[in-house]
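Derivation of every value follows stated rules applied to the coordinates shown; laboratory data play no part. Note that the coordinates shown come from a computational prediction; the quantities given were computed from them, not determined experimentally. Neighbour counts are summed over all protein chains in view; Cβ atoms, including those assigned to glycine, are modelled from backbone coordinates with ideal geometry.
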Amino acid sequence: MERLVADLKASILSALAGGSPGAWPDACPRCGCARVVRRGRGAGGSQRWLCRGCGRSFSASTGRVLALSKLPAATWASYVEGMAAGESLARLAARCGVCVKTSWFMRMRALEVMRSQLQPMRGGDGVSAQADELYLNESFSGRRSGMPREPHANGHGVRSRGISSLKVAVVTVVNDLGDCTAVLAARGRPGAEQIRAGLAPACVAGSEVSTDMHSSYAAPLSEAGAASHNRYGAADAGEDELGMVNALHERLRGFLWRFRGVSTRRLQRYLWWFCWEEQVRRSDASREAMLRSHVANGSYESTRRDLEEEPQPFWDFWESRDESDVSKLV
């Protein structure tokens, strides 16, 4: 846990500081043009630059993850320390002297910092990987209007068991090096297209990959360059051939349980958090590699409005049903 706190705190402070203030930028953070020249200094004495491509000026902090934050670096350091320790949004808000809504938004920003530092999976000859889906109940937590069904109290009231249209599938991949990925891919059992999307961030080229008997893995794994594809059915359960991915699912369920219900529309962000924790705990990568500069200067893609208006995944399922169909499902 101490390593998690230290790494996350260093990540946030690095993003907040905007890197080395005197370093010549590789490219404009807005248009990506590499033709930049010096253009005076800002009010705080920081070096500003002019892009010859788009004609706009910028500083080292422009486009950074926390560039627009009005909170001081010490507040962010305190926040991520409590966040990594598992404190609730309310306790984090009290710790930092902000409201709960701001505390939630700070968490969303921190999760994007984690995503930017996720290292790619390693593959190749001699690496064994396992892939499988984890099915979770769909959650509308945090939604105040437009509910397609009556709300469930703390996740209770879901009558369906096993794989159903009321569950969402998270495609997970883990290898014997400790690398893993987790992608929210589909409602119910995913098809080949959803499996392909779920495997996109994973590296299985040249690796020996094991899955269950789900036939939709065959084509995507072949396209991804897997050296071999081993399929195991229920009769092979005693051999525990999918032990790595099953153990990953148990850890993921335990991780999500800490939050007492993660909304499906925010679920992918929490999957980034889980993969980041797995990376910190199990990867043999150095701390410097874990904290290396992230893509596109660490830009923050989602504004507060974007987060508030983020759509519910797989909403077309509910739009195609009438009230009688919904009552039968729930």
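For Ser88 and Ala218, a Förster radius of 41 Å and the Cβ-Cβ distance give a FRET efficiency of 0.40, rounded to the nearest 0.05. Here the Karplus relation 6.51 cos²θ - 1.76 cosθ + 1.60, evaluated at θ = phi - 60°, turns the backbone of segment 169-178 into coupling constants of 9, 9, 7, 10, 9, 9, 10, 6, 8, x Hz, with x for every Gly and Pro. Quick check: from the Cα gyration tensor, does segment 167-259 come out rounded (a/c under 1.5), prolate or oblate? Cα axes put segment 167-259 in the rounded bin.
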